[in-house]
1. So which helices (runs of 4 or more DSSP H) stay within the range 15-85 end to end and still have 1 or more residues that are modelled with pLDDT under 95?
2. Consider Met1 against the criteria (1) at pLDDT below 95; (2) more than 22 Å from the chain's Cα centre (by Cα); (3) assigned to a helix (DSSP H, G or I): it satisfies all of them except one. Which criterion is unmet?
Amino acid sequence: MHQNIASKNTRLNVQIPFELKNKLVWAASVEGKKLSVLVRESLENRLQHIEKKAFEDKMKAAYLALAEENTNITTDFAYSDAENL
């Protein structure tokens, strides 16, 4: 088996249920795509979804940490603000 060294693609062997393969073959024909293209696009879409979710979770955690810090700062200065009234 000869593999093109310049190629950025790699092979991945996976086992899936027979019914899932049939659905993939059907979907590929409906989309007018090769099975490998449909699988690759599906994986890319799913990974983008996972990456987006991970980023949103990270941003949420950072926001909550910052909100807690801001609440603590506000509490610390509550009495000094009252002195200026």
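1. Details: elements: 18-31, 35-76, 78-83.
Result: 35-76, 78-83.
2. Just one mismatch for Met1, condition (3).
The values are calculated or read from the model by the stated rules, or taken from the named source; none is laboratory data. It should be emphasised that the depicted structure is a prediction, and the values quoted were computed from it without experimental measurement.
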